[in-house]
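Novice: Following this message is one structure expressed as structure tokens.
What follows is calculated from the coordinates using simple rules that are stated; it is not laboratory data. In this text, all values refer to a predicted model and were calculated from it rather than measured experimentally. Counting neighbours? That spans all protein chains shown, and the Cβs are built from the backbone with ideal geometry, glycine included.
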Amino acid sequence: MRSLILKERALATTLAQQEIRFRTNLIHYREKAGLTIDDVANKLGLDRKWVEEIEDLEVQPTLSQLRHYMLAIGVYTTFLIHG
């Protein structure tokens with residue numbers, strides 16, 4: 001039982017690290033595209049606060065919100081599932 005808990009904890013840590021890396025990469029690609037937070041908000045017809053929340057690592061955006069953000073900055077992602 002203890003080994004299962006340790007494996008789950010390790011997996012949770014890995015997933016959290018990957019999420020942070022993914023989200024910081026999105027910010028990097030927005031900046032690389034020369035887009036400001038206001039530019040992204042204007043492209044989406046949303047207010048600046050929405051974009052700031054997407055980029056805030058303490059906030060948990062939905063996949064749909066992330067897809068809209070990625071569309072606005074001109075990137076896409078693929079998902080690989082490992083087991």
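Novice: In Å and from the alpha-carbon atoms only, list the Rg and Dmax of the chain.
Specialist: 15.4, 51
Novice: Taking 0.36 nm per residue of sequence separation and subtracting the Cα-Cα distance, how much length would be gained by fully extending the chain between T62 and A10, in nm to one decimal?
Specialist: 16.4 nm
Novice: In addition: Identify which of I20, I73, I54 has the largest mean-square fluctuation in a Gaussian network model of the chain, with springs joining Cα atoms closer than 10 Å.
Specialist: I20
Novice: Rounded to the nearest 0.05, what FRET efficiency do S3 and D39 give with R0 = 41 Å and r taken as the Cβ-Cβ distance? Could you check?
Specialist: 0.25
Novice: Could you work out the relative contact order of the chain? I mean the mean sequence separation of Cα pairs under 8 Å and 6+ apart, divided by the number of residues, in percent.
Specialist: 25 percent
Novice: Show that you can apply the helix-only estimate: for the chain, add -39,500 (n - 2.57) for every DSSP H stretch of four or more residues, divide by all residues, and state [θ] at 222 nm to the nearest 500.
Specialist: -22500 deg cm²/dmol
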